[in-house]
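Below you'll find the structure, written out as structure tokens, and then a few comments.
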Amino acid sequence: MFAVIKTGGRQYRVVPDDVLEITKIAGDVGTIVQLSDVLVLGGDTPVLGAPTVAGASVAAEVLQHKRGPKVIAFKKRRRKNSKRKRGYRDEITVLRITEILADGKAPSIGPRPKKEKADKPAAADSSDAA
């Protein structure tokens, strides 16, 4: 089963376990967010929305917030001794699609457990009796 979702002015075709980068959305790392703008639900019998599919949503886990590559906008007016250099970086959220939901269901998959760092054993005290 697949879905076509709309977020940040763009459309994405997603299936479960896809990892995609979208424009920044609210949500802490490790939480599950629901994307409710589903345009198409695909499968055995595709459902087209007008403009969206009622009751459909996509659950996704927020993996990371980061910044995209630097984009340089350089403008020069020849023979005018005029130039301008500007740059910017987009704010990006990395998502993993956990499941595609229909009929107003709630996500059944919670956030995945974080890998715990192995605690190093405490160093033995050097106050041995001499």
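None of the figures in this text is laboratory data; all of them are computed from the coordinates on show. Owing to the predicted nature of the structure, the values given are computational and were not obtained by experimental measurement.
Report the gain in length on full extension from SER36 to LYS105: 0.36 nm times residue separation, minus Cα-Cα distance, nm rounded to one decimal. The partial results should precede the final answer.
Numbers: separation 69, 0.36 × 69 = 24.84 nm, distance 1.15 nm.
Once the chain is fully extended between SER36 and LYS105, it gains 23.7 nm.
Which ³J(HN,Hα) values in Hz, rounded to whole numbers, follow from the phi angles of region 17-22 under the Karplus curve 6.51 cos²θ - 1.76 cosθ + 1.60, where θ = phi - 60° and Gly and Pro get x?
Each residue of region 17-22 in turn: 6, 6, 10, 9, 9, 10 Hz.
Sequence-distant or interchain residues sharing an amide H contact under 5 Å with ASP90, placed H: which?
Sorted by chain and number, the residues that satisfy this are GLY68.
Using θ = phi - 60° and the Karplus form 6.51 cos²θ - 1.76 cosθ + 1.60, what ³J(HN,Hα) does each residue of region 69-85 get, whole Hz, x for Gly and Pro?
The phi angles translate into x, 6, 10, 9, 10, 10, 10, 9, 10, 5, 6, 10, 6, 9, 8, 9, 10 Hz.
Pairs LYS6/LYS75; LYS6/LYS85; LYS24/LYS105; LYS24/LYS85; LYS6/LYS105: which exceed 29 Å Cα-Cα?
Values: LYS6/LYS75 33 Å; LYS6/LYS85 33 Å; LYS24/LYS105 25 Å; LYS24/LYS85 25 Å; LYS6/LYS105 19 Å.
Beyond 29 Å between Cα atoms: LYS6/LYS75; LYS6/LYS85.
When the chain is fully extended, how far beyond the present Cα-Cα distance does LYS6 get from ARG79, taking 0.36 nm per residue of separation? Display every interim value, and only then the final one.
Values: separation 73, 0.36 × 73 = 26.28 nm, distance 4.53 nm.
Separation in residues times 0.36 nm, less the Cα-Cα distance, equals 21.8 nm.
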